[in-house]
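Take a look at the structure set out below.
The values are calculated or read from the model by the stated rules, or taken from the named source; none is laboratory data. Every value quoted in this text rests on a predicted model; they were computed, and no experiment measured them. In this analysis, Cβ positions are derived from the backbone assuming ideal geometry, glycine residues included, and neighbour counts consider all displayed protein chains. Areas reflect the complete protein model, heavy atoms only, side chains present, ligands, DNA and RNA absent. Shrake-Rupley method; radii C 1.70, N 1.55, O 1.52, S 1.80 Å.
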Amino acid sequence: MIPYNKPYITGNEKKYIDQAVKLGKLSGNGHFTQLCQSYLEKITGSNKTLLTTSCTDALEMAAILCNIQPGDEVIVPSYTFVSSALAFVRQGAKIVFADSRTDHPGIDESKIEELINPRTKAIVVVHYAGISCNMDLIMKLADIYSLYVIEDAAQGIDSYYINKQGTKKHLGSIGHLGCFSFHETKNIHCGEGGMLAINDPSMIKRAEIIWEKGTNRAEFFRGEINKYGWVDTGSSFLPSEILSAFLFAQLENLDDIQRKRRENWQHYYDNLTLLSNLNQLKLPFIPEYATNNAHMFYIICNSLSQRDHIIASLRKHSVMAVFHYQSLHKSEYYKNKHDGRILEQTDRYSECLLRLPLYPDLKEKDIILITDIIKTII
Ligand SMILES: *Cc1c(COP(=O)(O)O)cnc(C)c1O
(Lines give C-alpha, C1' and ligand atoms only; values in the text may rest on other atoms or scores of the structure.)
Protein backbone atom coordinates (compact mmCIF):
# COMPACT_ATOMS: atom_id res chain seq x y z
CA MET A 1 0.00 0.00 0.00
CA ILE A 2 1.15 3.56 -0.68
CA PRO A 3 -0.29 5.76 2.08
CA TYR A 4 -0.83 9.46 1.42
CA ASN A 5 1.50 10.29 4.30
CA LYS A 6 4.20 8.45 6.20
CA PRO A 7 5.61 10.27 9.24
CA TYR A 8 9.36 10.68 8.78
CA ILE A 9 11.74 9.41 11.46
CA THR A 10 15.32 10.70 11.47
CA GLY A 11 16.70 8.08 13.85
CA ASN A 12 17.77 10.54 16.58
CA GLU A 13 14.36 10.95 18.22
CA LYS A 14 14.90 8.25 20.87
CA LYS A 15 18.40 9.50 21.67
CA TYR A 16 17.07 12.97 22.52
CA ILE A 17 14.09 11.60 24.43
CA ASP A 18 16.56 9.55 26.51
CA GLN A 19 18.54 12.71 27.16
CA ALA A 20 15.40 14.51 28.27
CA VAL A 21 14.60 11.65 30.65
CA LYS A 22 18.13 11.77 32.08
CA LEU A 23 17.87 15.51 32.61
CA GLY A 24 15.00 14.71 34.95
CA LYS A 25 12.68 17.55 33.95
CA LEU A 26 9.89 16.40 31.65
CA SER A 27 7.28 19.14 31.93
CA GLY A 28 7.32 22.06 29.49
CA ASN A 29 9.70 24.97 28.89
CA GLY A 30 12.87 23.01 29.68
CA HIS A 31 16.12 22.32 27.84
CA PHE A 32 14.70 20.89 24.59
CA THR A 33 11.81 23.37 24.39
CA GLN A 34 14.30 26.21 24.57
CA LEU A 35 16.65 24.55 22.07
CA CYS A 36 13.79 24.14 19.59
CA GLN A 37 12.55 27.68 20.15
CA SER A 38 15.92 29.32 19.52
CA TYR A 39 16.43 27.08 16.47
CA LEU A 40 13.00 28.07 15.16
CA GLU A 41 13.62 31.76 15.86
CA LYS A 42 16.74 31.51 13.70
CA ILE A 43 14.90 29.71 10.89
CA THR A 44 11.84 31.96 10.85
CA GLY A 45 13.40 35.26 11.87
CA SER A 46 10.51 35.75 14.27
CA ASN A 47 11.07 37.81 17.44
CA LYS A 48 9.84 35.07 19.71
CA THR A 49 8.48 31.55 19.30
CA LEU A 50 6.63 29.38 21.81
CA LEU A 51 6.12 25.67 21.23
CA THR A 52 2.54 24.46 21.66
CA THR A 53 0.87 21.07 21.56
CA SER A 54 -0.72 21.84 18.18
CA CYS A 55 -1.29 24.53 15.60
CA THR A 56 -4.89 24.61 16.83
CA ASP A 57 -3.52 25.64 20.24
CA ALA A 58 -1.31 28.29 18.66
CA LEU A 59 -4.39 29.68 16.84
CA GLU A 60 -6.32 29.70 20.12
CA MET A 61 -3.50 31.63 21.76
CA ALA A 62 -3.60 34.07 18.83
CA ALA A 63 -7.36 34.60 19.26
CA ILE A 64 -6.87 35.32 22.98
CA LEU A 65 -3.91 37.64 22.32
CA CYS A 66 -5.97 39.65 19.83
CA ASN A 67 -8.75 39.97 22.44
CA ILE A 68 -11.33 38.53 20.07
CA GLN A 69 -14.78 38.82 21.68
CA PRO A 70 -18.46 38.28 20.86
CA GLY A 71 -19.51 40.91 18.31
CA ASP A 72 -16.14 40.84 16.56
CA GLU A 73 -15.77 39.64 12.99
CA VAL A 74 -12.80 37.70 11.68
CA ILE A 75 -12.12 37.13 7.99
CA VAL A 76 -11.01 33.56 7.26
CA PRO A 77 -10.73 31.66 3.97
CA SER A 78 -13.38 28.97 3.65
CA TYR A 79 -10.97 26.60 1.96
CA THR A 80 -8.91 25.57 4.99
CA PHE A 81 -8.72 23.20 7.93
CA VAL A 82 -11.35 23.81 10.66
CA SER A 83 -8.87 25.12 13.22
CA SER A 84 -8.24 28.34 11.25
CA ALA A 85 -11.85 29.33 12.05
CA LEU A 86 -12.55 27.31 15.20
CA ALA A 87 -10.02 29.13 17.40
CA PHE A 88 -11.87 32.41 16.76
CA VAL A 89 -15.36 30.90 17.01
CA ARG A 90 -14.47 29.76 20.56
CA GLN A 91 -13.86 33.40 21.51
CA GLY A 92 -17.36 34.25 20.22
CA ALA A 93 -16.37 35.82 16.89
CA LYS A 94 -18.47 35.77 13.76
CA ILE A 95 -16.49 34.28 10.89
CA VAL A 96 -16.77 36.04 7.55
CA PHE A 97 -15.58 33.50 5.01
CA ALA A 98 -13.47 34.63 2.07
CA ASP A 99 -13.08 32.98 -1.33
CA SER A 100 -9.89 31.53 -2.83
CA ARG A 101 -7.90 32.75 -5.82
CA THR A 102 -8.56 31.33 -9.27
CA ASP A 103 -4.91 30.30 -9.78
CA HIS A 104 -4.27 28.69 -6.38
CA PRO A 105 -6.27 27.81 -3.27
CA GLY A 106 -4.98 30.70 -1.10
CA ILE A 107 -7.29 33.57 -0.05
CA ASP A 108 -8.19 35.98 -2.88
CA GLU A 109 -6.45 39.13 -1.64
CA SER A 110 -8.46 41.34 -4.02
CA LYS A 111 -11.77 40.34 -2.41
CA ILE A 112 -10.89 40.96 1.24
CA GLU A 113 -11.54 44.70 1.41
CA GLU A 114 -15.26 44.36 0.58
CA LEU A 115 -15.66 42.09 3.64
CA ILE A 116 -14.23 44.63 6.10
CA ASN A 117 -16.56 46.70 8.33
CA PRO A 118 -16.18 48.46 11.70
CA ARG A 119 -16.66 45.15 13.56
CA THR A 120 -13.79 43.43 11.71
CA LYS A 121 -10.89 42.72 14.07
CA ALA A 122 -8.59 40.34 12.24
CA ILE A 123 -7.70 38.59 9.00
CA VAL A 124 -6.53 34.99 9.08
CA VAL A 125 -4.49 33.96 6.05
CA VAL A 126 -3.64 30.35 5.26
CA HIS A 127 -0.51 29.56 3.27
CA TYR A 128 -2.05 26.54 1.57
CA ALA A 129 0.46 23.82 0.61
CA GLY A 130 3.18 26.07 2.03
CA ILE A 131 2.67 28.57 -0.82
CA SER A 132 2.57 32.14 0.42
CA CYS A 133 -0.36 34.54 0.10
CA ASN A 134 0.48 38.01 -1.20
CA MET A 135 1.48 39.41 2.18
CA ASP A 136 2.22 42.98 1.05
CA LEU A 137 -1.42 43.38 -0.07
CA ILE A 138 -2.70 41.86 3.16
CA MET A 139 -0.45 43.86 5.49
CA LYS A 140 -1.43 47.05 3.65
CA LEU A 141 -5.14 46.36 4.23
CA ALA A 142 -4.45 45.55 7.87
CA ASP A 143 -2.60 48.85 8.22
CA ILE A 144 -5.39 50.91 6.65
CA TYR A 145 -8.16 49.33 8.74
CA SER A 146 -6.11 48.61 11.93
CA LEU A 147 -6.63 44.85 11.82
CA TYR A 148 -4.61 42.03 13.24
CA VAL A 149 -3.11 39.56 10.78
CA ILE A 150 -2.74 35.97 11.90
CA GLU A 151 -0.88 33.66 9.54
CA ASP A 152 -1.97 30.05 9.62
CA ALA A 153 1.44 28.74 8.58
CA ALA A 154 0.60 25.19 9.68
CA GLN A 155 2.01 23.94 6.36
CA GLY A 156 4.59 26.69 6.01
CA ILE A 157 7.89 25.56 7.55
CA ASP A 158 10.89 26.34 5.30
CA SER A 159 8.82 28.46 2.94
CA TYR A 160 9.06 32.16 2.21
CA TYR A 161 7.30 35.24 0.94
CA ILE A 162 9.44 37.38 -1.37
CA ASN A 163 8.51 41.07 -1.34
CA LYS A 164 8.90 43.57 -4.19
CA GLN A 165 12.40 44.49 -3.02
CA GLY A 166 13.36 40.83 -3.29
CA THR A 167 13.64 40.28 0.48
CA LYS A 168 12.67 36.78 1.62
CA LYS A 169 10.58 36.52 4.77
CA HIS A 170 9.75 33.19 6.35
CA LEU A 171 6.03 32.40 6.40
CA GLY A 172 4.51 33.06 9.81
CA SER A 173 6.96 35.89 10.55
CA ILE A 174 5.10 38.64 8.69
CA GLY A 175 1.69 39.10 10.35
CA HIS A 176 1.33 40.00 14.03
CA LEU A 177 1.24 36.30 14.83
CA GLY A 178 2.11 33.09 12.98
CA CYS A 179 0.86 29.60 13.81
CA PHE A 180 2.72 26.40 12.82
CA SER A 181 1.87 22.71 13.03
CA PHE A 182 4.16 19.80 13.83
CA HIS A 183 1.42 17.22 13.33
CA GLU A 184 2.70 13.98 11.77
CA THR A 185 1.28 15.00 8.38
CA LYS A 186 3.48 18.11 8.21
CA ASN A 187 7.09 18.40 6.91
CA ILE A 188 8.61 18.16 10.38
CA HIS A 189 6.68 16.78 13.30
CA CYS A 190 6.52 15.35 16.79
CA GLY A 191 3.26 13.43 16.38
CA GLU A 192 1.12 16.31 17.61
CA GLY A 193 2.76 19.69 18.03
CA GLY A 194 2.80 23.31 17.04
CA MET A 195 4.28 26.73 17.56
CA LEU A 196 3.20 30.34 17.92
CA ALA A 197 5.50 32.95 16.39
CA ILE A 198 5.03 36.33 18.05
CA ASN A 199 6.19 38.97 15.59
CA ASP A 200 4.68 41.99 17.34
CA PRO A 201 7.09 42.61 20.27
CA SER A 202 4.33 44.21 22.36
CA MET A 203 2.55 40.84 22.51
CA ILE A 204 5.46 38.71 23.74
CA LYS A 205 5.06 39.15 27.50
CA ARG A 206 1.34 38.39 27.45
CA ALA A 207 1.86 35.42 25.12
CA GLU A 208 4.15 33.77 27.68
CA ILE A 209 1.52 34.28 30.38
CA ILE A 210 -1.32 32.82 28.28
CA TRP A 211 0.99 29.89 27.42
CA GLU A 212 1.55 29.06 31.11
CA LYS A 213 -2.06 28.94 32.41
CA GLY A 214 -2.39 32.69 32.92
CA THR A 215 0.60 32.86 35.27
CA ASN A 216 3.85 34.81 35.03
CA ARG A 217 5.89 31.66 35.66
CA ALA A 218 8.17 32.12 32.63
CA GLU A 219 9.36 35.47 34.02
CA PHE A 220 9.81 33.88 37.44
CA PHE A 221 12.02 31.10 36.04
CA ARG A 222 14.23 33.67 34.35
CA GLY A 223 14.66 35.33 37.76
CA GLU A 224 12.98 38.55 36.63
CA ILE A 225 10.41 38.50 39.45
CA ASN A 226 10.60 36.81 42.86
CA LYS A 227 7.24 35.08 42.96
CA TYR A 228 4.68 34.10 40.38
CA GLY A 229 0.90 33.98 40.36
CA TRP A 230 -2.30 34.17 38.35
CA VAL A 231 -2.32 37.38 36.32
CA ASP A 232 -4.39 36.78 33.16
CA THR A 233 -6.45 34.26 31.21
CA GLY A 234 -4.75 31.37 29.42
CA SER A 235 -4.45 27.62 29.35
CA SER A 236 -1.83 24.88 29.39
CA PHE A 237 -0.56 25.34 25.86
CA LEU A 238 3.02 24.13 26.31
CA PRO A 239 4.24 20.67 25.29
CA SER A 240 6.25 18.32 27.48
CA GLU A 241 10.00 17.97 27.01
CA ILE A 242 9.43 14.51 25.51
CA LEU A 243 7.70 16.07 22.50
CA SER A 244 10.27 18.86 22.24
CA ALA A 245 13.13 16.32 22.27
CA PHE A 246 11.45 14.43 19.41
CA LEU A 247 10.94 17.66 17.50
CA PHE A 248 14.57 18.69 17.95
CA ALA A 249 15.74 15.57 16.08
CA GLN A 250 13.49 16.58 13.18
CA LEU A 251 14.60 20.21 13.19
CA GLU A 252 18.25 19.19 12.99
CA ASN A 253 17.41 17.18 9.86
CA LEU A 254 15.26 19.81 8.20
CA ASP A 255 17.56 20.24 5.19
CA ASP A 256 17.72 16.52 4.50
CA ILE A 257 13.95 16.09 4.87
CA GLN A 258 13.30 19.04 2.58
CA ARG A 259 15.71 17.84 -0.11
CA LYS A 260 13.88 14.51 -0.33
CA ARG A 261 10.44 16.12 -0.35
CA ARG A 262 11.44 18.57 -3.07
CA GLU A 263 12.86 15.80 -5.26
CA ASN A 264 9.61 13.84 -5.01
CA TRP A 265 7.51 16.92 -5.64
CA GLN A 266 9.52 17.64 -8.80
CA HIS A 267 9.11 14.05 -10.08
CA TYR A 268 5.33 14.42 -9.87
CA TYR A 269 5.44 17.79 -11.57
CA ASP A 270 7.64 16.60 -14.43
CA ASN A 271 5.61 13.41 -14.98
CA LEU A 272 2.33 15.32 -15.20
CA THR A 273 3.45 18.38 -17.16
CA LEU A 274 2.28 16.96 -20.49
CA LEU A 275 -1.28 16.37 -19.19
CA SER A 276 -1.31 19.88 -17.82
CA ASN A 277 -0.15 21.31 -21.15
CA LEU A 278 -3.04 19.46 -22.79
CA ASN A 279 -5.43 21.08 -20.26
CA GLN A 280 -6.43 17.69 -18.88
CA LEU A 281 -5.69 18.76 -15.30
CA LYS A 282 -4.04 21.65 -13.46
CA LEU A 283 -0.75 21.51 -11.57
CA PRO A 284 0.14 23.61 -8.53
CA PHE A 285 0.82 27.25 -9.38
CA ILE A 286 3.58 29.04 -7.51
CA PRO A 287 3.37 32.85 -7.73
CA GLU A 288 6.59 34.81 -8.24
CA TYR A 289 6.40 36.08 -4.63
CA ALA A 290 6.28 32.57 -3.14
CA THR A 291 8.67 29.68 -2.62
CA ASN A 292 7.74 26.00 -2.59
CA ASN A 293 8.48 23.90 0.52
CA ALA A 294 7.11 20.71 -1.06
CA HIS A 295 4.58 20.28 1.72
CA MET A 296 2.00 18.88 -0.63
CA PHE A 297 1.58 17.74 -4.20
CA TYR A 298 -1.92 18.25 -5.53
CA ILE A 299 -3.63 18.24 -8.88
CA ILE A 300 -6.81 20.08 -9.79
CA CYS A 301 -9.13 17.85 -11.77
CA ASN A 302 -11.57 19.15 -14.34
CA SER A 303 -14.62 17.87 -12.49
CA LEU A 304 -15.82 16.06 -9.38
CA SER A 305 -16.54 12.92 -11.41
CA GLN A 306 -13.06 12.91 -12.91
CA ARG A 307 -11.62 13.21 -9.39
CA ASP A 308 -13.80 10.37 -8.05
CA HIS A 309 -12.69 8.23 -10.95
CA ILE A 310 -8.99 8.90 -10.28
CA ILE A 311 -9.37 8.24 -6.52
CA ALA A 312 -11.13 4.92 -7.20
CA SER A 313 -8.53 3.75 -9.72
CA LEU A 314 -5.66 4.67 -7.39
CA ARG A 315 -7.41 2.75 -4.58
CA LYS A 316 -7.56 -0.33 -6.81
CA HIS A 317 -3.76 -0.15 -6.97
CA SER A 318 -3.59 0.43 -3.17
CA VAL A 319 -2.65 4.08 -3.54
CA MET A 320 -4.30 6.39 -1.01
CA ALA A 321 -5.02 9.79 -2.49
CA VAL A 322 -7.21 12.17 -0.49
CA PHE A 323 -9.22 15.28 -1.21
CA HIS A 324 -9.75 18.30 0.96
CA TYR A 325 -11.19 20.45 2.24
CA GLN A 326 -14.91 20.44 2.63
CA SER A 327 -15.52 24.22 2.45
CA LEU A 328 -16.08 25.52 5.97
CA HIS A 329 -19.00 27.76 4.95
CA LYS A 330 -20.86 24.59 3.93
CA SER A 331 -19.87 22.52 6.96
CA GLU A 332 -22.49 21.01 9.23
CA TYR A 333 -21.41 23.37 12.03
CA TYR A 334 -21.28 26.64 10.14
CA LYS A 335 -23.68 26.42 7.18
CA ASN A 336 -26.56 28.05 9.09
CA LYS A 337 -24.31 30.80 10.45
CA HIS A 338 -22.83 31.70 7.04
CA ASP A 339 -24.25 34.83 5.39
CA GLY A 340 -25.23 33.03 2.18
CA ARG A 341 -22.56 34.40 -0.17
CA ILE A 342 -21.50 31.94 -2.85
CA LEU A 343 -17.77 31.20 -2.76
CA GLU A 344 -17.17 29.92 -6.23
CA GLN A 345 -13.46 29.12 -6.15
CA THR A 346 -13.69 27.53 -2.70
CA ASP A 347 -16.37 25.20 -4.03
CA ARG A 348 -14.28 24.39 -7.09
CA TYR A 349 -11.20 23.38 -5.06
CA SER A 350 -13.43 21.49 -2.68
CA GLU A 351 -14.76 19.43 -5.59
CA CYS A 352 -11.71 19.13 -7.81
CA LEU A 353 -8.49 19.24 -5.77
CA LEU A 354 -6.76 15.91 -5.20
CA ARG A 355 -3.79 15.42 -2.92
CA LEU A 356 -1.30 12.73 -3.99
CA PRO A 357 0.98 10.78 -1.60
CA LEU A 358 4.09 12.78 -0.68
CA TYR A 359 6.70 11.96 1.96
CA PRO A 360 10.49 11.70 2.05
CA ASP A 361 10.61 7.88 1.78
CA LEU A 362 8.32 7.75 -1.27
CA LYS A 363 10.18 6.02 -4.12
CA GLU A 364 10.49 7.35 -7.64
CA LYS A 365 8.98 4.11 -8.96
CA ASP A 366 5.89 4.72 -6.77
CA ILE A 367 5.52 8.17 -8.26
CA ILE A 368 5.79 6.70 -11.75
CA LEU A 369 3.10 4.13 -10.86
CA ILE A 370 0.79 6.86 -9.56
CA THR A 371 1.28 9.23 -12.47
CA ASP A 372 0.90 6.37 -14.97
CA ILE A 373 -2.48 5.45 -13.44
CA ILE A 374 -3.60 9.08 -13.74
CA LYS A 375 -2.42 9.24 -17.36
CA THR A 376 -4.28 6.03 -18.22
CA ILE A 377 -7.55 7.32 -16.81
CA ILE A 378 -7.32 10.71 -18.44
C1 LIG B 1 -2.71 20.86 9.93
C2 LIG B 1 -3.37 22.18 9.89
C3 LIG B 1 -3.91 22.78 11.04
C4 LIG B 1 -4.01 22.06 12.35
O5 LIG B 1 -2.79 21.72 12.90
P6 LIG B 1 -2.79 20.86 14.26
O7 LIG B 1 -1.35 20.92 14.67
O8 LIG B 1 -3.24 19.49 13.92
O9 LIG B 1 -3.67 21.54 15.23
C10 LIG B 1 -4.43 24.05 10.94
N11 LIG B 1 -4.45 24.72 9.78
C12 LIG B 1 -3.96 24.17 8.64
C13 LIG B 1 -4.00 24.96 7.38
C14 LIG B 1 -3.42 22.88 8.67
O15 LIG B 1 -2.96 22.35 7.54
| query | Among the lysines, which have Cα under 20 Å from the Cα of LYS140 when same-chain residues fewer than 8 positions away are ignored? | reply | LYS111, LYS121, LYS164, LYS168, LYS169
| query | Expressed as an acute angle from 0 to 90° and rounded to the nearest 10, what is the orientation of the C-alpha long axis of helix 31-44 relative to the principal long axis of the chain? | reply | 60 degrees
| task | Hey, can you grab everything whose amide H is under 5 Å from the amide H of VAL322? Only 5+ residues off in sequence or another chain; H modelled, so Pro and N-termini drop out. | result | ARG355
| task | Round to the nearest 10 and give me the degree value, 0 to 90, for the angle of helix 241-252's Cα axis relative to the longest principal axis of the chain. | result | 50 degrees
| field | Karplus (6.51, -1.76, 1.60) ³J(HN,Hα), θ = phi - 60°, over segment 208-224, in Hz, Gly and Pro reported as x | value | 4, 5, 4, 5, 10, 6, x, 10, 9, 5, 4, 4, 4, 5, 7, x, 7
| note | Here the alpha-carbon Rg of the chain over 2.2 N^0.38 Å rounds to 1.00
| query | Could you give me the ³J(HN,Hα) list for segment 162-172, computed from phi with Karplus coefficients 6.51, -1.76, 1.60 and θ = phi - 60°, whole Hz, x at Gly and Pro? | reply | 10, 7, 4, 7, x, 7, 8, 10, 5, 4, x
| note | Under 5 Å from the placed amide H of TYR228, counting only residues 5+ away or on other chains, we find none
| request: Show the residues, 5+ positions off or on another chain, whose built amide H is closer than 5 Å to the amide H of THR80. | output: LEU328
| request: Could you calculate, for segment 237-327, the ratio of the Cα radius of gyration to the Kirkwood radius, expressed as Rg to Rh? | output: 1.07
| note | Of the accessible area of segment 1-115, computed with a 1.4 Å probe and all protein chains kept, carbon and sulfur make up a percent value of 52 percent
| note | Given 37 °C, 0.692 mPa s and a Kirkwood radius over Cα pairs, the Stokes-Einstein diffusion coefficient of segment 50-209 in µm²/s is 213 µm²/s
| task | Return one number: the angle in degrees, 0 to 90 and rounded to the nearest 10, between the long axis of the Cα atoms of helix 13-23 and the longest principal axis of the Cα atoms of the chain. | result | 10 degrees
| If Lys and Arg each add +1 and Asp and Glu each add -1, what is the summed charge of the other residues whose beta carbon sits under 14 Å from the beta carbon of GLU114? | -4
